[in-house]
Amino acid sequence: MGGCSRAEIQRTYMRNHAPFPADLSMQVKDFANVLIEMNKNLPLLPCYKDNPTYEDDDDVPNASVALSSMDLCSILLDSMPKEVQGRFNEINPMDSLRFDLNGLARELQPMVNAISEERKKRNNNNNNSGGS
């Protein structure tokens with residue numbers, strides 16, 4: 001990929017390849033802060049729209065703009081392990097839109113903690129059963 005597509009690459013990475021640690025070892029707030037820092041860099045990166053060939057093309061969006069708060073919340077939710085997403089959807093079956101990333105991080109942290117504890121208990125039970 002050429003130098004004019006760095007913002008698009010960053011956006012794709014954030015949306016598709018930045019998972020929350022599967023072992024739930026990170027605080028949700030810390031992960032949200034990583035997303036915030038990545039988002040701050042988007043306006044600094046070149047995008048396809050910077051190429052003179054595409055600068056007047058209405059079909060080529062300007063990717064060198066920060067993501068919205070709603071987009072960041074969506075990325076945070078999508079980055080969560082399926083167990084956390086499932087718990088969130090159970091609690092919020094009709095209202096999953098969020099616009100405050102820090103608020104969402106605070107909302108998700110108890111779910112992450114509970115699932116982490118459940119996993120530890122399950123592992124302890126498996127280890128104590130002398131399983132074969």
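The values are calculated or read from the model by the stated rules, or taken from the named source; none is laboratory data. All of these numbers come straight from a predicted model, not from anything done at the bench. Positions of Cβ are generated from backbone atoms using ideal geometry, with glycine treated the same way; all protein chains shown enter the neighbour counts. For accessibility, only protein heavy atoms count, side chains too; no ligands or nucleic acids. Shrake-Rupley method; radii C 1.70, N 1.55, O 1.52, S 1.80 Å.
Close Cβ contacts (under 7 Å, 6 or more residues apart or on different chains) running from residues in the range 93-110 that are free of Cβ contacts under 8 Å to residues at least 24 places away in the same chain to residues that are loosely packed, with under 14 Cβ neighbours inside 10 Å comprise 96/89. The condition (being surrounded by fewer than 16 Cβ atoms within 10 Å (Cβ to Cβ), in contact with a helix residue (DSSP H, G or I) (Cβ under 9 Å, 6 or more places away or on another chain) and charged (D, E, K, R)) is satisfied by just one residue among 57, 50, 71: 57. Filtering the range 14-64 to residues that are in a helix (DSSP H, G or I) and free of Cβ contacts under 8 Å to residues at least 12 places away in the same chain leaves 16, 30, 33, 37. Open to solvent by 50 Å² or more (accessible area, probe 1.4 Å) and among the aliphatic types (A, V, I, L, M): does that describe residue 44? So residue 44 passes the test. Based on what the data block shows, is residue 104 surrounded by 16 or more Cβ atoms within 10 Å (Cβ to Cβ), at pLDDT 95 or above, touching a Lys or Arg at 6+ places or on another chain (Cβ under 6 Å) and closer than 15 Å to residue 29 by Cβ? Answer is yes for this residue. Please go through the range 111-132 and pick out each residue that is at negative phi, without any contact (Cβ under 8 Å) to a residue 12 or more places away in the chain and open to solvent by less than 70 Å² (accessible area, probe 1.4 Å). Residue satisfying the conditions is 131 alone. Taking the criterion of being of a type in the set (Val, Ile, Thr) and assigned to a loop (DSSP other than H, G, I, E, B), the only residue of the range 65-109 that qualifies is 65.
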